[in-house]
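Below you'll find the structure, written out as structure tokens, and then a few comments.
The values are calculated or read from the model by the stated rules, or taken from the named source; none is laboratory data. In this text the structure is predicted, and so the values were computed from the model without any measurement. Please note: Cβ atoms are built from the backbone with ideal geometry, for glycine as well, and neighbour counts cover all protein chains shown. Keep in mind that these areas ignore ligands, DNA and RNA; they rest on the heavy atoms of the full protein, side chains included. Shrake-Rupley method; radii C 1.70, N 1.55, O 1.52, S 1.80 Å.
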Amino acid sequence: MQRSHGGGPGQPAGLAVVEGVLERITYANEENGYTVARVDTGRGGNDLLTVVGALLGAQPGESLRMEGRWGSHPQYGRQFTVENYRTVLPATVQGIRRYLGSGLIKGIGPRIADRITEHFGTDTLDVIEQDPKRLIEVPGLGPKRTKMIGAAWEEQKAIKEVMVFLQGVGVSTSIAVRIYKKYGDASISVVRNQPYRLAADVWGIGFLTADRIAQSVGIPHDSPDRVKAGLQYALSQSTDQGHCFLPEEQLIADSVKLLQVDTGLVIECLAELAADPEGVVRETVPAPDGGDPVTAVFLVPFHRAELSLAGRLRRLLRAEEDRMPAFRDVAWDKALAWLADRTGAQLAPEQEAAVRLALTEKVAVLTGGPGCGKSFTVRSVVELARAKKAKVVLAAPTGRAAKRLSELTGAEAATVHRLLELKPGGDAAYDQDRPLDADLVVVDEASMLDLLLANKLVKAVPPGAHLLLVGDVDQLPSVGAGEVLRDLLADGGPVPAVRLTRIFRQAQHSGVVTNAHRINAGKPPVTTGLTDFFLFPEEDTEEAGRLTVDVAARRIPAKFGLDPRRDVQVLAPMHRGPAGAGALNGLLQQAVTPARPDLPERRFGGRVFRVGDKVTQIRNNYEKGRNGVFNGTVGVVTSLSVEEQRLTVRTDEDEEVPYDFDELDELAHAYAVTIHRSQGSEYPAVVIPVTTGAWMMLQRNLLYTAVTRAKRLVVLVGSRKALGQAVRTISAGRRHTALDHRLGGTM
């Protein structure tokens with residue numbers, strides 16, 4: 001099937017054309033689409049051609065028509081560099097069988113592909129295309145499966161049209177599928193006429209992709225629509241970095257740089273956006289350092305959430321009603337003696353103060369590091385509240401943290417998302433009009449609460465109920481925008497708080513706990529003479545990556561008897577680089593869940609999914625599972641069907657969640673995760689690569705957060721110099737938020 005037109009070997013003019021069946025992908029970089037693949041051009045035997053280039057989205061089994069240039073690689077020999085490609089329908093029985101059996105059409109796997117092609121031969125694709133009802137002639141194909149195959153073929157065809165259109169502007173298959181799912185037959189029209197809508201409507205398309213599409217369909221560089229979309233993109237990027245707003249001057253400067261247009265045009269478009277109720281909000285806020293006030297520009301949802309959260313917290317604090325009145329005049333000596341008798345331990349004075357605060361104040365914060373007794377204090381609060389027949393509701397931002405809270409208190413705990421029953425679109429079933437049935441709401445790992453989630457939660461707390469937020473304020477702030485816990489603890493604010501500082505005797509014997517406190521105080525951790533805290537020195541970043549994998553997959557399981565998938569977690573400061581979470585995931589997957597001939601797998605972009613893989617959800621999806629599946633949810637792939645084009649993940653909340661193959665860009669491997677993504681989780685053992693390659697990310701609260709994720713064992717791998725940098729460097733600057741000022745009543 002190989003054909004060359006005016007550009008084969010020795011013919012430099014023009015592009016060559018090669019047709020063949022994509023047999024396998026040997027490498028794919030999902031960030032830039034660069035792919036190395038092997039193609040059967042029909043030369044017979046096992047003689048496969050190596051092709052390289054932007055093939056992201058093409059699946060094994062597809063027949064491709066590729067345009068490109070011939071070349072030679074010093075190591076791999078003759079190869080074909082693809083400049084563009086399109087899929088074509090195969091013509092031979094063998095090609096048709098391979099094409100159908102590859103899982104491209106939902107409902108057809110290898111066995112059924114054999115049966116269909118045996119029955120219809122080279123007419124197979126014509127039958128599916130023109131008269132799919134005839135598939136019922138094939139032994140073992142019932143009406144239900146026949147109908148499913150017909151529908152899947154039609155959808156595939158429609159998506160292909162959109163994809164052919166989008167391939168010209170470098171959009172990957174998965175995003176083309178998303179665009180089609182969002183707009184259906186209107187896809188091409190939307191892409192041509194309103195490309196900037198894509199950035200707002202379709203997950204996975206940011207402004208930069210939409211801008212590339214817009215340019216290719218002829219939208220002018222200085223179009224006001226482009227500039228407004230760019231301004232909103234710059235603000236949206238800043239919320240991804242944790243800011244609730246940007247100072248106006250910074251937003252204008254960032255947008256001019258991004259858009260490469262005149263400052264005057266950006267200022268004009270910003271004014272138009274500020275005049276639009278759904279555009280942006282401009283507001284003067286106090287400067288964090290007490291300097292001149294700042295003109296802040298907010299995206300509308302973040303401005304509304306800040307106002308709402310501050311107002312509701314103040315109302316809860318001032319509420320006349322009290323749903324736990326018994327604690328106003330309780331005999332504390334007797335209550336605490338009863339508690340000590342029940343738990344078998346005395347509270348320290350600061351723990352006692354925290355218990356009183358939680359049971360007498362409507363909103364309270366409990367903070368402190370590991371080993372300082374936060375957990376025992378929470379258990380004590382819950383025991384006393386229950387003794388007075390109070391309705392106690394327990395929640396945490398992640399499934400693992402909720403499970404831990406439940407084990408600690410002996411009562412059911414839910415994730416905040418499940419507690420509020422968040423629905424598609426992000427609205428909650430419980431809010432101010434339908435509050436939770438609770439006298440006391442306890443939220444653990446509150447450092448993870450971002451502004452939007454905290455606002456939804458506080459809306460659902462009924463007037464007169466008590467809210468206790470528990471967390472370690474020295475950890476990294478939330479992944480989402482805001483610094484809610486830190487803002488609540490701001491000096492002079494109205495929310496009462498207790499900080500636990502005393503490390504209990506049993507915790508003093510833990511190298512993990514003592515080193516966490518050393519790091520937090522700016523002192524280097526002790527890395528010799530301990531049985532639960534180690535450093536494997538390695539100056540070279542690439543070698544440190546390899547050593548990290550060896551420690552996590554082999555050495556820790558051999559020495560401590562821990563399961564490398566369930567009990568050991570690699571926590572990397574960043575995603576990129578040879579010791580970043582991305583590269584380590586590939587190496588750890590090879591070590592823990594290697595490819596096997598009897599194990600089905602699915603390649604998606606640069607990743608391969610297999611049964612047994614440890615995975616994490618990387619976006620909030622309110623449509624999945626019982627109450628949505630949220631960013632950071634971790635699970636294990638329990639089944640994978642090429643025929644059904646679906647895999648199933650059992651999450652750490654023990655829910656089986658199905659994913660169609662075209663949804664796999666919502667999942668990433670989780671053998672290694674970034675430290676930011678590990679918040680709220682706890683693991684028996686953590687392995688942390690600390691290398692000079694991650695220099696810009698090395699900060700004290702990052703390392704502290706990583707170390708405090710471990711229950712039993714910490715292994716650092718890497719450079720002493722990088723470790724010193726992490727301990728010395730205090731996180732640069734606060735996030736842009738105005739919640740502390742709003743709470744203090746200065747706004």
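Looking only at residues of region 488-539 that are of a type in the set (Phe, Trp, Tyr) and in contact with a strand residue (DSSP E or B) (Cβ under 7 Å, 6 or more places away or on another chain), we find that the one that is least open to solvent (accessible area, probe 1.4 Å) is PHE533.
Results for (1) outside any strand (DSSP E or B); (2) small (Gly, Ala, Ser); (3) open to solvent by less than 10 Å² (accessible area, probe 1.4 Å), shown as yes or no for each residue.
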{"site": "ALA668", "(1), (2), (3)": "no, yes, no"}
{"site": "ARG677", "(1), (2), (3)": "yes, no, no"}
{"site": "PRO684", "(1), (2), (3)": "no, no, no"}
{"site": "ILE688", "(1), (2), (3)": "no, no, yes"}
{"site": "TRP695", "(1), (2), (3)": "yes, no, no"}
{"site": "TYR704", "(1), (2), (3)": "yes, no, yes"}
{"site": "LYS711", "(1), (2), (3)": "no, no, no"}
{"site": "VAL717", "(1), (2), (3)": "no, no, yes"}
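Residue check: THR729 meets all listed conditions (1) surrounded by fewer than 24 Cβ atoms within 10 Å (Cβ to Cβ); (2) closer than 30 Å to ARG314 by Cα but one, namely (2). The helices (runs of 4 or more DSSP H) found entirely in region 499-607 that carry 3 or more residues being out of contact with any Phe, Trp or Tyr (no Cβ under 9 Å at 6 or more places or on another chain) and closer than 30 Å to LEU667 by Cβ are 541-550, 556-560, 581-592.
Of all residues in region 97-106, none satisfies being touching a strand residue (DSSP E or B) at 6+ places or on another chain (Cβ under 9 Å), under 25 Å from GLU601 (Cβ atoms), open to solvent by 10 Å² or more (accessible area, probe 1.4 Å) and at pLDDT 80 or above.
Mind listing whichever residues of region 423-441 are touching a Phe, Trp or Tyr at 6+ places or on another chain (Cβ under 7 Å) and surrounded by 14 or more Cβ atoms within 10 Å (Cβ to Cβ)?
GLY426, LEU436
When only residues in region 1-53 that are part of a loop (DSSP other than H, G, I, E, B) and either touching a Pro at 6+ places or on another chain (Cβ under 6 Å) or among the aliphatic types (A, V, I, L, M) (or both) count, which is modelled with the lowest pLDDT? Among them, the one singled out is MET1.
Filtered by the rule that a residue be of a type outside the set (D, E, K, R) and assigned to a helix (DSSP H, G or I), region 481-498 gives VAL484, LEU485, LEU488. Filtering region 608-634 to residues that are in a strand (DSSP E or B) and in contact with a helix residue (DSSP H, G or I) (Cβ under 9 Å, 6 or more places away or on another chain) leaves VAL608, PHE609, ARG610, LYS614, THR616, GLN617, ASN621, VAL629, VAL634.
Taking region 273-316 as the range and being over 19 Å from GLY744 (Cβ atoms), open to solvent by 50 Å² or more (accessible area, probe 1.4 Å) and assigned to a helix (DSSP H, G or I) as the test, the residues that pass are ALA275, PRO301, ARG304. If you filter region 385-422 down to residues that are of a type in the set (Lys, Arg) and not in a loop (DSSP other than H, G, I, E, B), you find that the one that is surrounded by the most Cβ atoms within 10 Å (Cβ to Cβ) is ARG400. Return yes when ARG546 is without any contact (Cβ under 8 Å) to a residue 60 or more places away in the chain, within 19 Å of SER681 (Cα to Cα), under 27 Å from the mean Cα position of the chain (by Cα) and surrounded by fewer than 21 Cβ atoms within 10 Å (Cβ to Cβ) and no when it is not. For ARG546, the condition - without any contact (Cβ under 8 Å) to a residue 60 or more places away in the chain, within 19 Å of SER681 (Cα to Cα), under 27 Å from the mean Cα position of the chain (by Cα) and surrounded by fewer than 21 Cβ atoms within 10 Å (Cβ to Cβ) - is not met. I need the full set of residues from region 130-145 which are surrounded by 14 or more Cβ atoms within 10 Å (Cβ to Cβ) and modelled with pLDDT under 90, in order please. The answer is PRO132, LEU141, ARG145. Considering region 259-272, the residues that are among the β-branched types (Val, Ile, Thr) and part of a helix (DSSP H, G or I) include one that is most open to solvent (accessible area, probe 1.4 Å), namely ILE267. Among what's in region 636-653 and is under 19 Å from the mean Cα position of the chain (by Cα) and open to solvent by 20 Å² or more (accessible area, probe 1.4 Å), pick the residue that is modelled with the lowest pLDDT. For region 636-653, the residue satisfying everything is GLU653.
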